[in-house]
Amino acid sequence: MNELGYEKKLKIILEIVDKFQLTAYEIGTNTKMNVSGVSRIFDKTVKKPHEKSVDKIFNWFNSQEKYAIYIRENIINDPTQAYTTIPQLQERVRELERFSELKDQVIKLLEEKIETILNASKNKNES
């Protein structure tokens, strides 16, 4: 993923906190940051939080699947950057393989149905 700047990361953090109704306690506990400091970032009491704090919160979000997916799908909106780790890419490949298998099954069922209809029509015409 292209390196996101400080301002973009902060914007993403605030959007995710709002969207997922996260608390400063939850973020502070998971990032080992001071909860009151996190709270001041969220309520914008601190106008320009330390870059290390922003990075720590952003990196934690990025390490959590549902937030990382949200970041890639709803904020960055760059499909070429949607999968940044090998496990994410492998999961996407498996998903595409499942779609391909389903597509092949549907085509086979449709071909069988068409053949049945054609045979029934042919038998009817011969009668």
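Taken together, the values in this text are just the output of simple stated rules run on the coordinates, not laboratory data. Since this is a predicted model, take the numbers as computed values, not measurements. Please note: Cβ atoms are built from the backbone with ideal geometry, for glycine as well, and neighbour counts cover all protein chains shown.
Things to note:
- Estimated translational D of the range 6-81 in µm²/s (Stokes, Kirkwood radius over Cα pairs; 10 °C; 1.306 mPa s): 127
- Summed side-chain charge close to LYS103 - residues other than LYS103 whose Cβ falls under 14 Å, Lys, Arg +1, Asp, Glu -1: -3
- Cα-derived Rg over Rh, computed across the chain with Rh taken as Kirkwood radius: 1.37
- Globularity index of the range 85-127, i.e. its alpha-carbon radius of gyration over 2.2 N^0.38 Å: 2.04
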